1. Rounding to the nearest 10 and keeping the result within 0 to 90°, find how far the Cα-based axis of helix A:169-182 lies from the longest principal axis of chain A.
2. By how many nm would the segment from A:Asp213 to A:Glu64 grow when fully extended, if each residue of separation counts as 0.36 nm and the alpha-carbon distance is taken off?
3. Any idea of A:Lys43's accessible area? Nearest 10 Å², probe 1.4 Å.
4. In nm², what is the average projected area of the convex hull enclosing the Cα atoms of chain B?
5. Would you please state which residues of the stretch A:377-404 a label at A:Gln365 would reach in this model, taking the label point 7 Å out along Cα→Cβ and a backbone N cut-off of under 16 Å?
6. I'd like to check one number: the per residue accessible area of the stretch A:270-449, probe 1.4 Å, reported in Å² as a whole number.
7. Could you calculate the contour length gain from B:Phe49 to B:Ala15, that is, 0.36 nm times the residue separation minus the distance between their Cα atoms, to one decimal place in nm?
8. Just to confirm a number: summing +1 for Lys and Arg and -1 for Asp and Glu over residues other than A:Gly214 whose beta-carbon lies under 12 angstrom from that of A:Gly214, what do you get?
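The values are calculated or read from the model by the stated rules, or taken from the named source; none is laboratory data. What you see is a predicted model, and the numbers here were worked out from it, not measured in a lab. Virtual Cβ from ideal backbone geometry, glycine too; neighbours counted across all protein chains shown. Ligands, DNA and RNA are excluded from the accessible area calculation, which covers all protein heavy atoms including side chains. Shrake-Rupley method; radii C 1.70, N 1.55, O 1.52, S 1.80 Å.
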Amino acid sequence: MAKKNDTNTWSLSPAPESTSHIRIDKKYDLFIDGKFTPPQSKKYFKTINPATEEVLAEIADANEKDVDRAVKAARKAYTNVWSKMEPKERAKYIFRIARLLQERAREFAVIESMDGGKPIRESRDFDVPTAAAHFFYHAGWADKLEYAFPAKKPKSIGVVGQIIPWNFPLLMASWKIAPALAAGNTVVLKPAETTSLTALKLAELIRDSGIPDGVVNIITGAGETGKALVEHPDIDKIAFTGSTAVGKMIQRSLAGTNKKLTLELGGKAANIIFEDAALDQAVEGIINGIFFNQGHVCCAGSRVFVQESVVDAVTRRLEHRMNSLIIGDPLDKNTDIGAINSKGQLETVNKYLELGQKEGFEMFQAGNEPPKKGFWCKPTLFKNVAQSSIISKEEIFGPVLVMQTFRTIDEVIDKANNTPYGLSAGVWTDKGSKIFNLTSRLKAGVVWANTFNKFDPTSPFGGYKESGFGREGGIQGLSAYLKFD
Amino acid sequence: MATKKSSEKKSVQSADLPINKTYKLFINGAFPRTESGRYFQLDDADGNFMANICLSSRKDFRNSVVAARSAQQSWQDRAAFNKSQIVYRIAEMLDQKRDLFVNEMIQMGYSKSASDKEFTAAVDLVVYYAGWCDKYMQVFSNVNPVASSHFNFSVPEPTGIVATMASEKTALTGIIQAIIPPICGGNTVVVLSAEKYPATAISFAEVLATSDVPAGVVNILTGKRAELYSHFASHMDVNAVVIWDAEKADAKNVGALAADSVKRTHFYESKTPVVGNPDLIMNLQETKTTWHPIQNISGSKSGY
Amino acid sequence: MELKLRHKPIDQVGIEERCARFKTRSIKTDAKMQGLKMALSMIDLTTLEGKDTAGKVRQMCYKAMHLHDELPGLPTVAAVCVYPEMVASARKYLGSSGVKIASVATAFPSGQTNLDIKLADTKQAIDAGADEIDMVISRGKFLQGDYNFVFDEISSIKEACGNKRLKVILETGELGDLENVALASRLAIDAGADFIKTSTGKIQPAATMEVTLVMLEVIRDYYFETGKMVGMKPAGGISNSKLALHYLIMLKETLGDAWLTNEWFRFGASSLANDLLKQLVKQTTGVYQSGNYFALD
């Protein structure tokens, strides 16, 4: 606020989450056929804490042979065990994994924050509980598939290759593995190279669940490992979440094969604020839309459209709210904005910050000074941005919001849809009929009306256009792991 | 009648010289010739000249996509009931022209009984899909019981523009199967007819033109698959590509090019006889999921 | 005075989510000590019962000035809050301690009487030595949509208060929804309220974080428009330290540090003081406390 009164400043003391009960091994091997085994590549790479740049562990780098071992293990488990198992038994294993994850929730949250840089508040309150919820939700489908798809005789596909990104490592692993298993498939999953730890911890937990060897295999590595998995001839389906560029490469590479494919790719979501909206909640929705997980969210509300009559009111409230965000140690319970996931990503984000200023748009940054070490980006707002600017067209994947204004409904719909992406969108208005007008005309797979960035295992998630195809979550997500007569 | 048997052509001096139909393309509700001026000759089953058929070019395809794009949103926005009536109207218009189609198919080598059967199946197929227009959304939508205080529902929405190539295996049901399911789902279509059966495709366009189908919703090209594959797959404003009975190598090329704009691709093998299947509608639908908060005052909790 | 009578749209689920976010703030060590003391200094120690007597008021006033003498360096509470009949006693016992006297008035808690009686009630409290008047609005008139009546009534009481501060109780538990809370808040502020207050304590629900957030946001809107500060008093239902600290976090993040003083923020509470004291002693000694060691009143 403008009026300063130094006598009553009150700032929060550090409140770090304890790491004393956390075990991270020095070195992690590949989880193949129910066991951790060293990579045939004999190579390991380091994974670091992006908030401190300290090395957390060494991770096995799987090569083609390792991928082949994993796929063979998955095939064997599919043919001999998993496809023959009674669905109700399959369900029980998945329920078990859900419970084991709930029991070890705090450990997973802490490691997720250490390895990925996200605030503990988010990993504790969102990532881990939602991951467990995905196992819990999907478990029950295993013996009810014919009710989900009446008259279609659903059948499992076989061996599924899954490649996930670094923004929600455990959650993505869970929302990929859980439906695949429920549908009766076996899995080879590759986490992103900067965030392998929680997937490997999940491997421990999956082993502890007693699920038959080879049903879930987790192999680590970078792009080459992913490529080997995509191109492996004995894979029946690829599920990929990541950048649109890599998604296109995968789609190209699978062309002409019988492998099924689902892609969950990038986005540049419009978050539309009308003058009759509940402005304070809209501002909160803008904040959650772009600063959740440092903006490393494919469905982030990275383009906010504000009706011209309320642009001053919204801007003032937004800046005020941004000033209350706390940036710093991801393990501090009060941190709102953690570390940027990697040095490379920080460079990308910084490139856009420079570009936005070069394009001539006013930049507002808020929050306290971040720590010296580690990768940080202050919450950033570019004001009065034009539709044709690069920063409003390209996905930045960081805590960078671009604000545009609009005058009429038609104008904002055209502008919102004027993008190759179509993953998500937000609409804020108090008028019901206007909401339904917008929600039906926005070309996006998820539309949040008077809310933003909400996720649930029962709720299908996925995009239109270049944001990918196929859905994850809900009945639609399940169908992506089944074949039908 | 389009053409008469060649034996009748000898009677050129007689007063009833037949008026031969010119087979043109069907783009944006009109029947233009190909802009390229090219043609290929269609012979009947006996090897006699039947008609010159437009050999569509990349530009004809482009014009069709423009028409399909401008028609798409308003077609999608039509009430399901209205779409259903229009598709049923197609069946009505088609059924009236039994003789035309049956004779045309006989000329193309169908036996009388096979031709009759194909025609009846075609009408039945259109009627079947007409009935789906106002039902698939009910059957394939969900209200999702999310854990937070939100109303959450998922509905199918059309993918957009579908570029499709009809099966070569049947004269009429093949092209109907390529056109009708996508438009029932609110998509607009650019279809390349079977190389073998362009005449029935264009006669079907005449049915569409008199069935209240808005201009641009269906656009029909005739020509060669090999020439048009890459254009169908690479046009950035096409949302989905559906190829019936593609060769494996062609599927690979189409799939690879389609990736440039993350098109949805479907390569279907046709079965005979052709039967209706709602998957052909649903595979060209996106799922849209909408969230809205549910107010929760004084313990009057919602039960969704 | 032109009234802005348009309801401000509010999404209740969004308000709840924002409040949940305040509750995730972790207040430790120095910040906790400072926060606990600040909360103590913001209390309006309250007794509003039919059975109130001078004797009861005397004991409460002593507590207001001597919260827990075993622990040095504690503030006093901000004020005691009593019925007009008890103001004279409070004045006598509080002396020059600096603890203010707030008196409820205007036919508290229902407000169901005419303006003359309300004015007389107010005058009686002020004449007896009240520093602050906590009035109730006419909720029936408000819900009927007779906003002018409510506005005029507040203005009249404000005039009667002279230079004494006026807190306007909205009784949010009777207003039905958050849009009404926001509208009543704005109405009260425009009519001259120095403070807006959630509740009488006689109706459930009394103060909630959700209702308080809505009121704080109206205060912030008013500040953005006019540059003038208005105070906030949640009353009833805030009985433990953790919750009180989360209210202060909400205050800080919504309005800013300038409001973190008992000039602009009060807790209407009676049992909160002892819980804050317990926590302060625990922070000092490291040992969890029992109620046996903290005087009632």
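1. It is inclined by approximately 40 degrees.
2. Working: separation 149, 0.36 × 149 = 53.64 nm, distance 2.06 nm.
Stretched fully, the A:Asp213-A:Glu64 segment lengthens by 51.6 nm.
3. My reading of the accessible area for A:Lys43 is about 130 Å².
4. Values: hull surface 72.2 nm².
About 18.1 nm², averaged over all directions.
5. A:377-383, A:398-402
6. Working: 5880 Å² over 180 residues.
Spelled out: the 1.4 Å probe surface of the stretch A:270-449, per residue, equals 33 Å².
7. Values: separation 34, 0.36 × 34 = 12.24 nm, distance 2.19 nm.
10.0 nm is the gain from fully extending B:Phe49 to B:Ala15.
8. Numbers: positive: A:Lys35, A:Arg69, A:Lys72, A:Arg75, A:Lys76, A:Arg207; negative: A:Asp33, A:Asp213.
Summing Lys and Arg as +1 and Asp and Glu as -1 gives +4.
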